[in-house]
1. What's the total number of residues in the stretch 253-263 that are touching a helix residue (DSSP H, G or I) at 6+ places or on another chain (Cβ under 6 Å) and either surrounded by fewer than 19 Cβ atoms within 10 Å (Cβ to Cβ) or assigned to a helix (DSSP H, G or I) (or both)?
2. Look at residue 277 and say whether it is away from the ligand (no atom under 16 Å from the Cβ) and in contact with a strand residue (DSSP E or B) (Cβ under 7 Å, 6 or more places away or on another chain).
3. Could you tell me which numbered condition residue 91 fails, if it satisfies all but one of (1) buried (at least 21 other Cβ atoms within 10 Å of the Cβ); (2) away from the ligand (no atom under 16 Å from the Cβ); (3) modelled with pLDDT of 95 or more?
4. Say whether the condition of being within 28 Å of residue 194 (Cβ to Cβ) and out of contact with any strand residue (DSSP E or B) (no Cβ under 9 Å at 6 or more places or on another chain) is met by at least one residue in the stretch 54-61.
5. Mind listing just one residue for me: the one in the stretch 277-296 that is farther than 25 Å from residue 226 by Cα and loosely packed, with under 15 Cβ neighbours inside 10 Å and, of those, modelled with the highest pLDDT?
6. For the stretch 63-78, how many residues meet the condition of being within 16 Å of the ligand (Cβ to nearest atom) and out of contact with any helix residue (DSSP H, G or I) (no Cβ under 7 Å at 6 or more places or on another chain)?
7. Which of the helices (runs of 4 or more DSSP H) found entirely inside the stretch 131-238 contain at least 3 residues meeting this: buried (at least 19 other Cβ atoms within 10 Å of the Cβ), within 16 Å of the ligand (Cβ to nearest atom) and modelled with pLDDT under 95?
8. Can you name every residue in the stretch 243-252 that is within 20 Å of residue 143 (Cα to Cα), touching a strand residue (DSSP E or B) at 6+ places or on another chain (Cβ under 7 Å) and either part of a loop (DSSP other than H, G, I, E, B) or at pLDDT 95 or above (or both)?
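The values are calculated or read from the model by the stated rules, or taken from the named source; none is laboratory data. None of these values were measured; they are calculated from a predicted model. All Cβ positions, glycine included, derive from the backbone under ideal geometry; neighbour counts span all protein chains shown.
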Ligand SMILES: [Zn+2]
């Protein structure tokens with residue numbers, strides 16, 4: 001019984017290809033899941049421990065256009081999956097985490113690290129516990145674990161950056177990395193509101209993935225509540241229906257996050273932490289694998 005989370009699905013036609021399976025690889029994985037497991041949705045997966053076959057649920061984070069492109073394929077296979085778009089995109093804002101992925105895919109890690117180290121030495125020291133972003137020592141064994149050590153460390157440092165400084169360091173690099181305007185980028189890279197609504201109407205589960213894709217545990221209770229509530233309002237406004245599922249950005253949360261989840265009426269929380277679901281999982285902390293962890297899972 002497990003959940004697998006996809007972020008990006010790549011296609012050679014795309015202007016911006018981030019790490020992820022190519023479409024044929026993705027479809028082959030989904031088909032092999034269909035043969036080996038019962039594919040459930042996240043609202044059905046807990047409490048399935050008595051089932052004769054192992055269960056799996058598919059979840060998609062960040063609301064990219066690629067997910068919408070795979071939607072007809074999922075329908076064809078009668079699969080209900082969960083989709084967690086980042087709400088600020090619908091306000092015309094590209095989340096810093098996506099800006100960072102684009103920057104990392106287009107510019108050399110040394111160029112990015114040099115700028116961060118030069119402009120924010122004390123922040124780097126606080127996060128990395130040394131001068132500079134480590135080139136060889138992995139800062140966080142479970143974060144960005146499939147990236148090269150240096151690129152993974154840059155992601156970890158940026159993820160833990162104070163919000164205001166993060167924008168200042170990444171935005172100029174992002175503008176340099178994209179062709180055209182930010183609006184053009186949003187139209188190319190992300191799912192559009194009418195597409196989200198269409199998927200909801202076809203029975204897919206639509207949840208929230210925060211407003212700004214910040215590390216929630218780095219925010220105060222009030223800041224978290226404002227961010228999460230805003231994302232819920234925006235997504236519900238688009239699909240014209242209440243939502244009850246949430247995916248924690250970066251798999252980060254704290255006790256305040258869980259309190260807010262209950263206060264706002266969320267019933268399911270997907271936690272991207274590369275772990276299998278326990279025998280009696282807490283519905284607000286449903287552990288999820290990365291799609292690449294599955295090969296490892298099979299070997300175990
Ligand atoms: Zn995300």
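1. So the answer is 4.
2. When the stated conditions are applied, residue 277 passes them.
3. If we test residue 91 against (1) buried (at least 21 other Cβ atoms within 10 Å of the Cβ); (2) away from the ligand (no atom under 16 Å from the Cβ); (3) modelled with pLDDT of 95 or more, just (1) comes out false.
4. no
5. Residue satisfying both the conditions and the ranking: 280.
6. 2
7. Filter on the stretch 131-238 gives 149-159.
8. Hits for the stretch 243-252 are 246, 247, 248.
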